[in-house]
Amino acid sequence: MDVERIKAGPIDGVARVLFAQKKDESSLRAKRHGNKKMDIKSELVDLSFLMPAFLVLLFVILIPLVLGVQFTFTSWDGISPVKEYVGFKNFNTVFHDKDLLVPIKNTAIFTVITVVCVNLIGLGLALLVNKELKGLNIFKSIIFIPLVISLVLVSQMWMYVYNDFFSFIGLENPLVSKKYVMLGLCGMCIWKESGLAMMVYLAGLKGIPSDVMEAAVVDGANAWERFKNVTIPFLAPAFTYCIPLWLAGGLRMFDYATVATSGGPGDASTTMTYYIYKYLFPYNKVGYGQTVAMIYLVVCIVISTVITKQLRKREIDL
């Protein structure tokens, strides 16, 4: 029975109910249609706020990255209008280049040391300042200040520290030693970045429910057991943020080696990014440098993805 017949003819009780139902359904459909339009409009407005960042990502990173792939198959010097096609010669050279072993070793040393030390020191400082004591805010500010200083300025400052202060107390400047230069660069990074790690872990500590910690105390857990079984699991999201952050920072370290040592002495502090830079610009071997860069990019993506997935999986398990 349709609505028009109900309106035209005698309307009994059942027909009145059907008519009311039809009217309600029509009203509900119209309302849903209107809400759907509003939802789409709202989502478009939200997405519009991402456009500036997306455009920057597109034109500064994605398009140059895609265009750069073609140079891996050439012997282009970066200046000449002629780009000679060499096929997979650059890839073959990369996998047989023994000079790459030193940058790989230096990058691995810098990444492992800085990831471990920055996170341990940051967590230790966060545990230290996670108290309501007078004057702690000043201490937090002092620890955090190095983060706002540029990498170039940090490098310059520590060059003076290593040169003047270390010689004053009778120690060798690590930046002129092939054996200790990477440790010297790690010290710069640890001094600069530990403040940020402290703030991230401190935010995680503030989020631990007090009743959980009190229950652990009532159960007789000592300080180490509370740290291991309560604090660490609740800090899992902080670990997921901090470890990949400094892992990526270590893998792309360029500034310290460029400003403080220029990759020296010799090639003792040449990292992967500095090695790629040398072939792209001073050596004018864009084809080979771009090939190393592309392969290294894939390696970095794989390492970062695997470690981040493991940390997130652990976060869920905890």
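The values are calculated or read from the model by the stated rules, or taken from the named source; none is laboratory data. What you see is a predicted model, and the numbers here were worked out from it, not measured in a lab. Ideal geometry is used to build each Cβ from the backbone, glycine not excepted, and the neighbour counts take in all protein chains shown. Keep in mind that these areas ignore ligands, DNA and RNA; they rest on the heavy atoms of the full protein, side chains included. Shrake-Rupley method; radii C 1.70, N 1.55, O 1.52, S 1.80 Å.
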How large is the Kirkwood hydrodynamic radius of the stretch 192-306, counting all unique pairs of alpha carbons, in Å? 17.5
Among GLY87, GLN290, VAL112, the residue whose Cα sits farthest towards the positive end of the charge dipole of the chain, when +1 is placed on the Cβ of each Lys and Arg and -1 on the Cβ of each Asp and Glu, is GLY87
Within the stretch 169-207, whose backbone N sits under 11 Å from a point 7 Å along Cα→Cβ of ILE149? 188-189, 191-193
To the nearest 10 square angstrom, how much accessible area does ARG312 have with a 1.4 angstrom probe? 140
How large a share of the accessible area of the chain, in percent, is made up of carbon and sulfur atoms when the probe is 1.4 Å and the other protein chains stay in place? 67
Please compute the length gained on full extension between LEU136 and ILE232, using 0.36 nm multiplied by the number of residues separating them and subtracting their Cα-Cα distance. 32.3 nm
In whole Hz, with x marking every Gly and Pro, tabulate ³J(HN,Hα) for the stretch 90-106 from phi via Karplus 6.51 cos²θ - 1.76 cosθ + 1.60, θ = phi - 60°. 4, 5, 5, 5, 4, 6, 10, 8, 6, 5, 6, 5, 5, x, 5, 5, 5
Under the rule a/c < 1.5 gives rounded, and otherwise a/b versus b/c splits prolate from oblate, where does the stretch 122-225 land using the Cα gyration tensor? prolate
List the lysines whose Cα sits under 29 Å from the Cα of LYS131, skipping any in the same chain fewer than 8 residues away. LYS140, LYS192, LYS206, LYS228
Normalised per residue, the volume inside the convex hull of the alpha-carbon atoms of the chain in Å³ amounts to 292
Of PHE239, PHE71, PHE168, which has the largest mean-square fluctuation in a 10 Å C-alpha GNM of the chain? PHE168
For the ranges 202-215, 289-302, what's the packing order if you count other beta-carbon atoms within 10 Å of each residue, average per peptide, and put the highest first? 289-302, 202-215
Scattering curve values for the stretch 52-93, log₁₀ I(q)/I(0), Debye with Cα scatterers, q = 0.18, 0.28, 0.32 Å⁻¹: -0.61, -0.91, -1.03
Surface per residue (accessible, 1.4 Å probe) for the stretch 150-281, Å²: 49
